[in-house]
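Reading through the structure tokens given below for one structure.
The values are calculated or read from the model by the stated rules, or taken from the named source; none is laboratory data. Quick caveat, the model's predicted, so the values are computed rather than measured. Every residue, glycine among them, receives a Cβ derived from its backbone with ideal geometry; neighbour counts consider all protein chains shown.
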């Protein structure tokens with residue numbers, strides 16, 4: 001859906017106008033926000049795994065702290081993305 005909206009917005013001036021009309025609908029905004037939320041969480045969890053590959057946070061307590069940190073940072077970033085979209 002995101003790729004389709006992006007492609008439509010770049011196709012022409014009319015396509016851009018249609019994309020803006022789609023993004024004015026609350027259901028479409030909700031779907032876009034849900035997709036973006038998943039991508040944000042996946043990105044932040046991936047960074048955590050890259051840090052773990054460096055040998056940081058490989059213990060049980062380190063992994064638990066990392067998981068909490070991922071959730072906290074993800075929630076903050078997802079809320080900010082929601083504010084930006086709405």
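When segment 47-63 is filtered for residues that are more than 19 Å from residue 74 (Cβ to Cβ) and part of a loop (DSSP other than H, G, I, E, B), the ones remaining, listed by number, are 54, 55, 58, 59. The single condition among (1) under 17 Å from the mean Cα position of the chain (by Cα); (2) at pLDDT 95 or above that residue 1 does not meet is (2).
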